[in-house]
Amino acid sequence: MTTNHADQAASTGAAPRQWLGLAVLALPTFVLSMDVTVLYLAVPHLAVDLRPKGTELLWITDIYGFMIAGFLVPMGVLGDRIGRRRLLLVGAAVFAAASILAAYSTSTGMLIATRAVLGVAGATLMPSTLALLSNMFQQPRQRGAAIGIWAASLSAGVALGPLVGGALLDWFWWGAAFLIAVPVMVLLLIAGPWLLPEFRDHRSARMDAASIALFLAAVLPVVGGIKQLANSGATPVAVAFIACGLAAGLSFWRRQRRLSNPMVDVGLFRDRKFATTIVTLILGLASVAGVYLFVTVYLQYVADLSAFEAGLWLLLPAVAMTVTSILAPRLAQRCSASVIVCGSLALSAIGFALITQLDAGSGPVPLLAGITVVYLGQGPIMALGTDLVVGAAPPRKAGAASALSETSVELGLALGVALLGSLGNAVYRQHLTVPDALSTAAAETARQSVIDAAAIAGQLPHGLAGDLTQAAREAFAISLNHVAVAAATTAGLLALLTITAHRHLPKR
């Protein structure tokens, strides 16, 4: 489909074929979000099988998000040039193949590598879906409704991921969690050519290898350095990593300003609404992702639930997020967007504050009450934030803007796991008091994570095993408290930033 067709669509509105195409575009969004939540539940199971170290376990979880964040913008530009539908279908095929390889990984290194490939493939999917939506639905209200449905599919994946994944993990091995994506991607490959139009913009920026390298050189060393800080303190290596990453980030920014047709239009950040929304998406989702990882582990290793039972408990908060993401665009037509976003952030802060009151004996009910309140606030942020980012760019830059939006989402998710995960691990090690009868080697292993402590406890006599298990559960509950405090503080500060910077936002 050419840009002339797009102009015609803007004047006549979306046809039924576009709405059917929206259903197809919701598929990769659904499965990518489900893939993340399934992995969170699968972590304890693959940890028993592959025996990764604490830092390796974090890399298994967040290398996917970092690769998506690093390649989203260049893939958005590539989709603008070669065709967004074409890139979407290529990405779906690669994602299906990489999912199969991840499912049958035989080592920690192999799983991290295949997760990295999944991240690159995912980077081709997400900007393509949002960019196609922006071209198919150019009337503001229809675009807002379409993005609301897109955000709802994201939430639905979060909702069904724990339930489906929990069932698979109870009946099969951890690799089955990755195979969920395969039939969905096959369905997209079959239906996409029939229902999705093609869009391309030959005026888009060229693929700039230097910009891609600088972006990755900025993100990965900073996160690696922060992890090193959490594990070993302010070592020269950690400081050097962070310094190199910041220097690369500054070089990336300067290069984009010099290029006549940059990969990232940094001029968009002069718009206060755009810049504030990007910051809110990154930091807000970082808070949620970091806490959610600890919630899934708490349910299985502190509340002693099975994977399927944990999935059932997590269904309610995810459904709450789905509902509020659908309702948010309608509410935004009657109320200022700044009020909705600020109120949603404040609500999330209250939910995080509830989680700070948990201990090892609290059980799943108060924990799920807190995370449900958090998710009630996250739905509107996802729906309205994405629409604000994409809507701030001209239609011909829809791919780049949607890539920036998704970069914010994925970078926020990955940073949350890395930063809050590192914080939680450090607090856990600090507060774990191992029984004196435990050997030095066993004690060091138990300090890696509550999952490792459970594995060691399974090899000990009953009395000693009970003492270690209780100590590990108490230390993990304290680590969850600290992570929730950080998340609550972040959400509260973002609420103040939003109401200040978005004070003059009009109703939608």
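The values are calculated or read from the model by the stated rules, or taken from the named source; none is laboratory data. Keep in mind it's a predicted model, so treat the numbers as computed, not measured. Every residue, glycine among them, receives a Cβ derived from its backbone with ideal geometry; neighbour counts consider all protein chains shown. Each accessible area value is taken on the protein alone, full model and side chains, heavy atoms only, with ligands, DNA and RNA left out. Shrake-Rupley method; radii C 1.70, N 1.55, O 1.52, S 1.80 Å.
General remarks:
- Test for Leu46: is it under 21 Å from the mean Cα position of the chain (by Cα), open to solvent by 10 Å² or more (accessible area, probe 1.4 Å) and modelled with pLDDT of 70 or more: no
- Residues located in region 298-307, provided they are open to solvent by 10 Å² or more (accessible area, probe 1.4 Å) and outside any loop (DSSP other than H, G, I, E, B): Gln300, Tyr301
- Arg254 being part of a helix (DSSP H, G or I), surrounded by fewer than 20 Cβ atoms within 10 Å (Cβ to Cβ) and of a type in the set (D, E, K, R): yes
- Among residues of region 444-471 that are under 16 Å from Ala47 (Cβ atoms) and modelled with pLDDT under 85, those with a Cβ under 9 angstrom from a residue that is part of a helix (DSSP H, G or I) and open to solvent by 70 Å² or more (accessible area, probe 1.4 Å), sequence gap 6+ or separate chain, pair up as Ile451/Val48; Ala454/Val48; Ala455/Val48; Ala457/Asp467.
- Checking each residue in region 312-340 for being open to solvent by less than 10 Å² (accessible area, probe 1.4 Å) and either closer than 19 Å to Lys273 by Cα or modelled with pLDDT of 90 or more (or both) picks out Ala328, Ala332, Ala337, Ser338.
- Of all residues in region 218-240, those satisfying the criterion of being in a helix (DSSP H, G or I), open to solvent by less than 40 Å² (accessible area, probe 1.4 Å) and either of a type outside the set (D, E, K, R) or modelled with pLDDT of 75 or more (or both) are Ala218, Val219, Pro221, Val222, Val223, Gly224, Gly225, Ala230, Ala238.
- The listed residue being assigned to a helix (DSSP H, G or I), surrounded by 24 or more Cβ atoms within 10 Å (Cβ to Cβ) and at pLDDT below 75, out of Gly21, Gly76, Gly91: Gly76
- Any chance Ala487 is touching a residue at least 40 places away in the same chain (Cβ under 8 Å), assigned to a helix (DSSP H, G or I), open to solvent by less than 40 Å² (accessible area, probe 1.4 Å) and not acidic (Asp, Glu): yes
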